[in-house]
Amino acid sequence: MVSKDIDSFKIALLPGDGIGPEVLEAAISVLECVESCLKGVRFRFEEFSVGAKQYLASGDPFPAAIFDGLREFDAIFLGAMGLPGVRWANGIEMTPQLDLRERLDLYCGLRPIYLFHSQDSPFRDRAQGSIDLLLVRESTEGLFSSRKSLLNLKADSVEDQLLVTRKGSERIIRAAFKQAMARRRHLTLVDKANVLPSMAFLRQVFDEIAPEFPEVETERLYVDAVALYLVQKPEAFDVLVTENMFGDILSDLAAGLVGGMGMAPSADLGDEYAVFQPSHGSAPDIAGKGVANPVAAILSAAMMLDWLGHPVCRRGADLIRAGVHTLFSNPKARTRDMGGNFSTMEMSGAIVEALSNHHAAGERR
């Protein structure tokens with residue numbers, strides 16, 4: 001998004017279900033700290049009810065009036081959506097977040113994975129920052145394309161379609177190359193071109209576009225090999241680009257390398273709109289207990305500030321990440337999912353304190 005001259009931003013809040021409202025509240029407290037410290041921007045939040053809880057209340061998980069209103073906001077910040085026991089008649093869970101991606105054409109899913117401390121990885125010998133990759137997921141096509149097809153549960157067979165279009169391939173591949181240009185200039189295409197015609201097509205489009213970015217080193221790997229290499233040598237990856245379902249699976253695997261889903265932020269970007277949310281689900285088993293890890297939501301807020309583009313917002317994003325870095329240098333500062341005892345709000349409060357200290361130190365320079 002092009003930088004804006006105005007200093008006020010309208011942010012639509014979709015807390016959703018389960019732990020969604022809790023982690024969103026924690027992230028908002030961090031954004032309010034940014035607003036207070038930097039004083040160059042103002043965030044105006046407006047909350048909307050979308051998700052399984054809304055369905056139970058009204059019979060519609062995503063009312064049309066709410067969707068139409070979201071177009072008027074500078075960004076959309078989402079907590080988590082869906083509950084296992086709230087499903088359509090065909091047995092499929094309600095997923096308004098996917099409707100949002102498809103209806104706003106948010107084709108570019110960004111899933112950054114970063115190791116803040118060696119103790120948080122199954123690989124205890126990995127140093128801070130040794131795992132630092134970005135998974136770029138096509139978010140409007142792929143194997144999700146037939147998810148709304150009519151389903152006969154008594155049928156003898158059911159088929160899903162894996163859709164790969166030239167338009168969709170070209171725009172996600174170019175987006176991934178641009179991300180690689182801003183990082184370490186290495187891009188991996190993840191496909192299954194040895195078996196699936198759709199993946200052979202995706203690879204062909206990748207090969208056609210690669211010469212436009214001669215500064216970026218490229219490689220092409222099958223998805224099963226990438227799953228192996230993410231475990232064996234995750235430090236070898238910089239940016240990876242892939243189809244919708246492959247990206248969904250690999251982003252969870254990669255999150256497990258750095259502490260779990262509570263450490264996995266995300267953004268879904270289009271040419272006009274963007275949604276930011278933690279990659280985790282609604283976790284109804286811990287909802288209301290105050291123990292959910294808010295770091296993924298807080299880092300998603302930093303991604304939102306980067307996307308808004310205002311220089312003060314970008315400074316705020318840097319402060320948030322610096323605060324998380326500082327906090328995670330303390331091995332005891334962890335929520336329950338990572339072996340610690342911090343509550344949701346204790347974690348966000350500690351990040352606010354670290355962020356404020358970084359800002360104060362910068363002011364003294």
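Where a number appears in this text, it was derived from the coordinates with a stated rule and is not lab data. What you see is a predicted model; the values in this text were computed from it and never measured. Here Cβ is always computed from backbone atoms with ideal geometry, including for glycine, and neighbour counts include all displayed protein chains.
Rounded to whole Hz and in sequence order, give me ³J(HN,Hα) for the range 284-296 from the Karplus expression 6.51 cos²θ - 1.76 cosθ + 1.60, θ = phi - 60°, writing x for Gly and Pro.
Using θ = phi - 60°, the values come out as x, 5, 10, 4, x, 8, x, 10, 5, 7, x, 5, 4 Hz.
For the chain, what is the calculated [θ] at 222 nm in deg cm²/dmol (nearest 500), taking -39500 (n - 2.57) for each run of four or more DSSP H residues and dividing by its residue count? Walk me through the numbers before you get to the answer.
Numbers: 11 runs with 145 residues, N = 365.
Dividing the helical sum by the residues of the chain leaves -12500 deg cm²/dmol.
Mean-square fluctuation check for the chain, GNM, Cα pairs under 10 Å: which of SER49, SER329, SER348 is largest?
Taking springs between Cα atoms under 10 Å, the residue moving most is SER329.
I'd like to compare 281-290, 28-37: which one has the highest average count of other Cβ atoms within 10 Å, and what's the full order after that? Working shown, then result.
Numbers: 281-290: 16.3, 28-37: 19.5.
Put in order of decreasing packing, that is 28-37, 281-290.
Under 1.5 on a/c is rounded, so check that first for the range 112-269, then, if it is not, pick prolate when a/b is larger than b/c and oblate when it is not; a ≥ b ≥ c are the square roots of the alpha carbon gyration tensor eigenvalues.
oblate
So between LYS167 and VAL195, what do we pick up on full extension, going 0.36 nm a residue minus the alpha carbon distance?
7.9 nm
Considering only DSSP beta bridges where both residues belong to the chain, give the percentage that are antiparallel (nearest 5).
40 percent
Taking R0 as 22 Å, what FRET efficiency do you get between HIS186 and GLN128 from their Cβ-Cβ distance, rounded to the nearest 0.05? Before the final figure, lay out the partial values.
Details: r = 20 Å, r/R0 = 0.91.
Efficiency, rounded to the nearest 0.05: 0.65.
At a Förster distance of 25 Å, what's the computed FRET efficiency of ASP318 paired with ASP271, Cβ-Cβ distance as r, to 0.05?
0.50
Sort the range 234-365 into rounded, prolate or oblate with this rule: let a ≥ b ≥ c be the square roots of the eigenvalues of the Cα gyration tensor; rounded if a/c is under 1.5, and if a/c is not under 1.5, prolate when a/b is larger than b/c, oblate otherwise.
oblate
Using the beta-carbon distance between GLN119 and ASP160 and R0 = 45 Å, what value does 1/(1 + (r/R0)^6) give for FRET efficiency, to the nearest 0.05?
0.65
Once you have a ≥ b ≥ c as the square roots of the Cα gyration tensor eigenvalues for the range 44-129, tell me rounded if a/c is under 1.5, and otherwise prolate or oblate according to whether a/b is larger than b/c.
Since a/c reaches 1.5 and a/b is larger than b/c, the shape of the range 44-129 is classed as prolate.
Modelled label-to-label distance, TYR229 and ASP68, 7 Å Cα→beta-carbon offset: nm?
Going from the TYR229 label point to the ASP68 one covers 4.9 nm.
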